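Asker: The structure that follows is given in the form of structure tokens.
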């Protein structure tokens, strides 16, 4: 393609616009200078297809490196958005090499490895300047809120199309048509954006309602009354690493506490909460004793929302390195993080006796009317609080744990059906029934949700907490403190373990090793490898300098200013003109306007027609011919000249 239709200056402007939009301006400035400087320099390098293949392969390696880097740093970079924003950096080596080569367009076999192996030569090619310009505009549109992106991008596109416009239409027609196109696009863009925002708002509201059962400290839904099997996921939610590297962490991790029951949910009666003061940056203390007296553990849980419940042991004495702006604690002990920032872990310290909420009130004895008859039937009277707890624990000794309910009768009164008919259910049945039975016996009780910490991985020295380890239990007020009362049969964990997927060990192996690598990666610092990076950079620069110095170079001035005929005649350096000159010297002259094909047939030289075909492609094909075709044509011309001159010598 002739330089007259190259996006001169526009490529540099689009590059700078991309750098400004994506906060990569210090990358964009040298890239723009390198791309625009070619129009001021007259030196080009005669690169072969192999050279372009190497650059393309290097670009592929860079793409793989980007994908791995973004995958390992997913909490710092949005994967898709960041990858698209970095596309101009990825394409720049190919565009820069092509800009300073004698090849005007990039053959598709350079970009697609599958095309390199086909036997027939690839004729299709792309003008990488326009590909790069489009990539810059696409990437620039994924950052920075503002109203100027669309007008700036539109002006760049119009200027690029203006250079490529057909001369059959006047400039006024072109500008009018572009105005209509972009006015229509603006209207459509605004309409799509409004629709998108509306759908987004509705979707966010739906998702918020769906996940509220695990994130709302005021209310949680249960599966009481569900008919069929509850399927709990084997996926790992988080991991816990005790500092002692021994399995000595508390067995229950509290997430929220509730005291007001309804048909299939629990709520809190008093919605008050207290803002917790920070003892230090990202550290909150719950004990006045020296922190070193208490054991410590890391909880590898990354929050993906700005507001979420924080799972902690009931024996909590400190939260440290939790990336949150504020912590609030409900009157019942639940801790809510606000302004959470994604971070790989937070630390907790804990004691053998913790805070499970403020002292009970009258609301901790309330029983819904629909449950009163069955509780009156099943509970005795006159028991002390300790006797009441013992009675409730014995009551559930012959109950079974199950995730399956097959009788639709469970839907009308789930707890009554559970206590009198099925005598089998999951932890939510046991926790709800235990809480209400204790209240019927005069013992204040509350409903707690969280996780059961049971699965120890000796290879990592960590607890593994899965989604199916989510648990519910009850707490009862005995004397002057809250005591955990968990009546769910102890075999519930082994039953759920038996129902795990057969491929779970494979996924665990892959997931755990990836987790360990991510932890190692997050602890690496760039300055630890500063010397190695400098050495690698020096080697790459030295190799680049050596390649530039040893590559074949062409001075554009030698071609452009040789004479006017050479300047206006594409393919003027074709060696086939030597054959024409020799035949003219031998007396086989072409008449004015005679086609070369007719002339060769008239003088009985049909063996030259294949050479003429390659020569004409060099002269008249807008894409020209490859360097290999040029070399092949030169060899064939040389062979024919030697044979023809030898024949003339023998005849002489």
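Asker: According to a simple spin-label model (label point 7 Å from Cα along Cα-to-Cβ), what is the distance in nm between residue 507 and residue 246?
Answerer: 3.4
Asker: Let me ask something else about it. Would you mind estimating how fast the range 295-367 diffuses translationally, via Stokes-Einstein at 4 °C and 1.567 mPa s with the Kirkwood radius over Cα pairs, in µm²/s? Display every interim value, and only then the final one.
Answerer: Values: Rh = 13.3 Å.
In µm²/s, the coefficient is 97.
Asker: Let me ask something additional. Compute the FRET efficiency between residue 645 and residue 124 as 1/(1 + (r/R0)^6), taking r as their Cβ-Cβ distance and R0 = 41 Å, and round to the nearest 0.05.
Answerer: Working: r = 40 Å, r/R0 = 0.97.
Efficiency computed from Cβ-Cβ geometry: 0.55.
Asker: Now, a different point. Starting from 0 in steps of 10 Å, tell me what percent of the Cα-Cα pairs of the range 219-521 lands in each bin.
Answerer: 6, 26, 33, 24, 10, 1, 0
Asker: Hey, another quick one. When a footprinting reagent is the concern and you count Cβ atoms within 10 Å, what order do 18, 520, 599, 126 take, fewest first? Don't skip to the end; give the middle numbers.
Answerer: Working: 18 30, 520 10, 599 18, 126 14.
Ordered by Cβ neighbours within 10 Å, fewest first: 520, 126, 599, 18.
Asker: Just to verify a number: FRET efficiency for residue 367 and residue 490, C-beta to C-beta distance, R0 = 22 Å, to 0.05? Mind showing how you got there, number by number?
Answerer: On the way: r = 27 Å, r/R0 = 1.24.
E between residue 367 and residue 490, to the nearest 0.05, is 0.20.
Asker: Put a dot 7 Å past each Cα toward the Cβ at residue 597 and residue 53; how far apart are the dots in nm?
Answerer: Calculated label separation equals 3.4 nm.
Asker: Within 10 Å of each residue's Cβ, count the other Cβ atoms and sort 17, 169, 269, 399 from fewest upward. Walk me through the intermediate numbers first.
Answerer: Working: 17 22, 169 10, 269 15, 399 19.
Going from sparsest to densest Cβ surroundings: 169, 269, 399, 17.
Asker: Taking all pairs of different Cα atoms in the range 570-651, averaging 1/r and flipping that mean, what Kirkwood radius in angstroms comes out?
Answerer: Numbers: mean 1/r = 0.0745 Å⁻¹.
It is 13.4 Å.
Asker: I would also like to ask the following. What nm distance separates the two modelled labels at residue 150 and residue 269, each placed 7 Å from Cα along Cα→Cβ?
Answerer: Label-label distance for residue 150 and residue 269, simple model: 5.6 nm.
Asker: For the range 3-164, rounded, prolate or oblate, judged on the Cα gyration tensor with a ≥ b ≥ c (square roots of eigenvalues), a/c < 1.5 rounded, else prolate if a/b > b/c?
Answerer: Working: a/c = 1.86, a/b = 1.18, b/c = 1.58.
Since a/c reaches 1.5 but b/c is at least a/b, the shape of the range 3-164 is classed as oblate.
Asker: Given the Cα-Cα distance of residue 113 and residue 163 and 0.36 nm per residue of separation, how much length would full extension add, in nm? Mind dumping the intermediate values first?
Answerer: Numbers: separation 50, 0.36 × 50 = 18.00 nm, distance 3.21 nm.
Using 0.36 nm per residue and subtracting the Cα-Cα distance, I get 14.8 nm.
Asker: Work out the FRET efficiency for residue 386 and residue 359 from their Cβ-Cβ distance, taking R0 = 25 Å, and round it to the nearest 0.05. Intermediate values should be presented prior to the final figure.
Answerer: Working: r = 18 Å, r/R0 = 0.72.
My answer for the efficiency is 0.90.
Values quoted throughout were computed directly from the atomic coordinates according to the rules given, and no laboratory measurement underlies them. This is a predicted model, so every value here is computed, not measured. Reconstructed Cβ throughout: ideal geometry from the backbone, glycine too, with neighbour counts over all protein chains shown.
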